[in-house]
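The values are calculated or read from the model by the stated rules, or taken from the named source; none is laboratory data. Quick caveat, the model's predicted, so the values are computed rather than measured. Neighbour counts run over all protein chains shown; Cβ positions are idealised from the backbone, glycine included. To get the accessible areas, we keep the full protein, side chains included, count just its heavy atoms, and leave off ligands, DNA and RNA. Shrake-Rupley method; radii C 1.70, N 1.55, O 1.52, S 1.80 Å.
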Amino acid sequence: MDNSTHHAIPVKDSGWSLPPSQQTVAFGVPIADALPEAVQRLAARRVAVVTTNSLTGPGGLAEVVCNILGPKFHSVVAGIHSHTPRADVVRVIKALEGADGVVTIGGGSVCDSAKAARLCLANGITDAVGMDRLRPYNKAKVSEPDGTISPSLPFISVATTLSAAEFTSAAGVTDERGPRKQVFVYPGLAPDMVILDPQVTRHTPPRLWFSTGIRALDHALETWCSTNPTPLSDAYSSYAARLLITSLPKVFDSPDDLQARLDCMKGAWLSILGPASGVKAGASHGMGHALGGTAGMPHGETSCVMLPHVLRYNASVNGDRQAVIAASVGNPATPLADIVAGLISHLGLPTRIRDAGVSERAIAAVAEAALHDPLLASNPRPIKSLTEVMLLLEQAW
């Protein structure tokens with residue numbers, strides 16, 4: 001049989017869809033009910049808690065979690081910093097010694113610290129220098145085995161932001177010697193169970209909540225506009241974008257609207273499922289990595305300052321895709337970049353790089369770092385030179 005005819009007709013829509021991590025997600029279930037169930041399902045008896053300083057103290061969420069755990073509480077480590085420095089990962093490694101489960105409470109940096117610590121423990125790494133043995137993400141070599149053992153320590157994440165780090169098998173860790181941020185991608189890094197309880201987010205600082213919401217919107221829109229979308233990612237990202245664009249201002253205007261908070265959390269969850277399954281993001285994420293790792297900006301705020309500019313830059317090649325989202329939120333005549341910029345302003349978030357406290361002197365270093373980020377290569381409209389990177393950064397300045 002001649003199979004040559006099977007290759008004769010070009011198909012515009014084609015590609016590969018990788019399954020995201022298998023997880024159990026409790027959404028809208030009160031933490032007092034969800035956490036005991038999660039611990040029981042994972043058969044954990046000595047549970048370490050990892051969180052930030054803002055959630056500790058009398059009456060804080062960390063205390064609530066420890067009380068829920070009761071006799072199964074093992075230890076707590078707080079004070080995890082933004083961008084997950086290696087030193088914090090080492091502190092988590094030590095806290096996990098003797099534990100048979102871990103609960104994180106917080107956003108992306110906290111979650112990533114536990115991901116990296118579990119990976120280190122599985123491979124006998126106990127100090128910062130030892131992390132050099134882990135291979136940073138390289139899309140050209142991601143399928144090649146390197147002998148690293150995937151973590152198996154049971155992992156539960158209680159989300160308090162919209163970063164959606166809970167749903168990926170990637171961990172971003174800052175090597176303080178650079179400083180530079182490295183991303184590690186290995187099977188088994190994602191939490192086994194995720195708890196999305198809108199009630200626990202009422203005490204999340206508004207700027208953190210809303211900026212990570214824009215980060216989630218960035219996930220959704222860059223996935224929707226990706227160079228390699230899949231049918232599933234289109235379903236996830238388009239619905240996520242609608243949820244976030246409509247629900248974030250509801251929470252801003254009515255902070256006690258728990259349904260709107262839950263809709264934001266569902267939007268963040270759905271927004272990351274495309275990237276988690278291999279759909280490529282673009283320049284907003286790539287430049288965001290550089291602004292975060294080089295200039296110290298929180299990821300949510302990098303999306304605030306870069307996403308509208310990247311949407312405008314890409315509109316000449318994917319304006320039809322952008323128009324679909326604009327129409328879905330009731331603004332078919334408004335450019336999507338303007339809709340997003342208006343949302344960011346409504347939420348009181350920084351709209352310029354300088355508003356986020358980054359010195360103009362840092363822009364050259366940010367541009368150099370961004371040029372080498374792999375996500376610039378997957379931007380829908382190619383960005384191939386330092387001049388093009390600088391132009392976008394100067395527009396956002």
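General remarks:
- Under a 5 Å amide H cut-off, with hydrogens placed 1.01 Å from N, Ala48 pairs with His74, Ser75, Asp100, Gly101, Val102, Val103 among residues at least 5 apart or on other chains.
- Relative to its Kirkwood radius, the Cα radius of gyration of the stretch 270-397 gives an Rg/Rh of 0.95.
- Cα→Cβ-extended label distance, 7 Å offset, between His372 and Ser385, nm: 2.1 nm
- Solvent-accessible heavy-atom area per residue, rounded to whole Å², over the chain at 1.4 Å: 43 Å²
- Amide hydrogen neighbours beyond the local backbone of Arg180, cut-off 5 Å, H modeled: Asp175
- Surface share of carbon and sulfur [accessible, 1.4 angstrom probe, percent] for the stretch 187-265: 60 percent
- The chain - mean residue ellipticity at 222 nm from DSSP helices (-39,500 (n - 2.57) per run, n ≥ 4, rounded to 500): -15000 deg cm²/dmol
- 10 Å Cβ shell holding at most 16 others, DSSP loop, trypsin sites (Lys or Arg not before Pro): longest site-free stretch of the chain: 178-351
- Under-5 Å amide H pairs with Ala159, H placed in peptide plane, nonlocal only: Ile195, Asp197
- Of Leu347, Leu119, Leu243, the one that fluctuates the most in a GNM where the chain has Cα springs shorter than 10 Å: Leu347
- Measuring gaps between exposed loop sites in the chain (GluC sites (Glu not before Pro); DSSP loop; at most 16 other Cβ atoms within 10 Å), the longest gap, sites not included, is 177-397.
- Surrounding net charge for Pro71, when Lys and Arg each add one and Asp and Glu each subtract one, Cβ distance under 11 Å: +3
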